[in-house]
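Structure first, then comments.
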Amino acid sequence: MLAEHFLRSVSLKESAPVAGGQYPFSIAPIRNLGTLEFHPRVTFLVGDNGMGKSTLLEAIAVAAGLNAEGGSRNFNFASRATHSPLHEHVRVVRGVRRPTDDFFLRAESLYNAASYIDDLEREWPGLLSSYGGDSLHEQSHGESFWALLESRFRGNGLYFLDEPEAALSPNRQLAALARMHQLVRARSQFIIATHSPILMAYPDAHIYLLNPDGIRRVAYQDTEHYQVTRNFLNHVEDSVAELLSDEEVE
């Protein structure tokens with residue numbers, strides 16, 4: 001059976017202080033959030049750097065009850081307060097079902113999450129079996145990401161991924177796409193911030209583009225990620241020659 005909604009939508013509360021230009025409302029897509037409807041299976045947040053993808057994903061995850069630096073709702077650690085206050089100003093609409101598993105996977109704080117998992121293992125020996133059997137610190141960045149996807153994510157879950165491609169090779173991104181589908185078929189829901197045209201190729205996903213004009217839903221083939229990658233691969237020599245041209249621009 002395919003996934004049903006755990007989360008249906010996110011929107012700004014009427015009391016959100018959008019005026020005044022204070023972070024994170026200085027970011028146009030955040031200020032003009034409106035209401036985002038989530039796909040019951042996979043939703044992508046895409047856009048250029050600085051458009052608030054990770055900030056929005058973090059706010060949704062925290063509003064859903066997960067730890068700001070990553071992990072599940074049972075993780076309770078903080079190396080330092082770096083998350084924005086946006087979670088206080090968003091309204092998340094839940095579906096009827098409740099997940100039996102959840103996880104917020106973010107590249108920038110995986111080290112801290114791995115340390116917390118090691119601490120838990122010392123208190124409850126055997127816990128690492130849920131993370132592939134070895135400390136995430138004893139694996140490469142990509143291996144630790146993959147261990148979480150393959151061993152920790154159990155299905156019937158709500159999963160937030162923040163730029164997972166940062167740790168994954170192209171082959172592993174393809175494998176991650178297949179693993180996501182296995183979990184979707186096990187009634188899971190994903191919300192993912194990404195730059196990866198491989199990951200965002202997941203069929204029928206909602207893709208939201210965050211740009212200076214706000215947020216809008218786009219088709220996969222209309223994303224800059226797809227178009228730039230396709231054009232580059234179809235014209236590698238010409239693209240590289242143009243990029244590396246020594247001609248002076250008048």
Next on the checklist: When a/c reaches 1.5 or more, the comparison of a/b and b/c decides; with that in mind, is the range 160-204 rounded, prolate or oblate per its Cα gyration tensor?
Outcome noted: prolate
Next on the checklist: What are the ³J(HN,Hα) couplings of the range 146-158, residue after residue, when phi is run through the Karplus curve with 6.51, -1.76, 1.60 and θ = phi - 60°? Round to Hz, x for glycine and proline.
Outcome noted: 5, 4, 5, 4, 7, 10, 7, 6, 9, x, 6, x, 10
Checklist outcome for this item: Under 5 Å from the placed amide H of V90, counting only residues 5+ away or on other chains, we find K13
Checklist entry - Ordered by packing density, taken as the mean number of other Cβ atoms within 10 Å over each peptide's residues, highest first, how do 229-240, 55-66 rank? => result 55-66, 229-240
Item to check | Table column - 3J(HN,Hα) (Hz), the range 11-27, Karplus curve with 6.51, -1.76, 1.60, x for Gly and Pro | outcome: 8, 7, 5, 4, 7, 4, x, 6, 7, x, x, 7, 4, x, 7, 6, 8
Checklist outcome for this item: Cβ-Cβ cut-off under 11 Å around Q173, Lys and Arg +1, Asp and Glu -1: the net charge is +1
Next on the checklist: Quick check: from the Cα gyration tensor, does the range 1-46 come out rounded (a/c under 1.5), prolate or oblate?
Outcome noted: prolate
Item to check | Taking K53, K13 and counting other C-beta atoms within 10 Å, the order from fewest to most | outcome: K13, K53
Checklist entry - Amide H to amide H under 5 Å from S9: which residues, 5+ apart in sequence or cross-chain, H placed 1.01 Å off N in plane? => result F38, V93
Checklist entry - Once amide H atoms are built 1.01 Å from N in the peptide plane, which residues 5 or more positions from G47, or in another chain, come under 5 Å H to H? => result L210
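No value in this document is a laboratory result; all are computed from the given coordinates. Predicted model only: the values in this text are computed from it and were never measured. All Cβ positions, glycine included, derive from the backbone under ideal geometry; neighbour counts span all protein chains shown.
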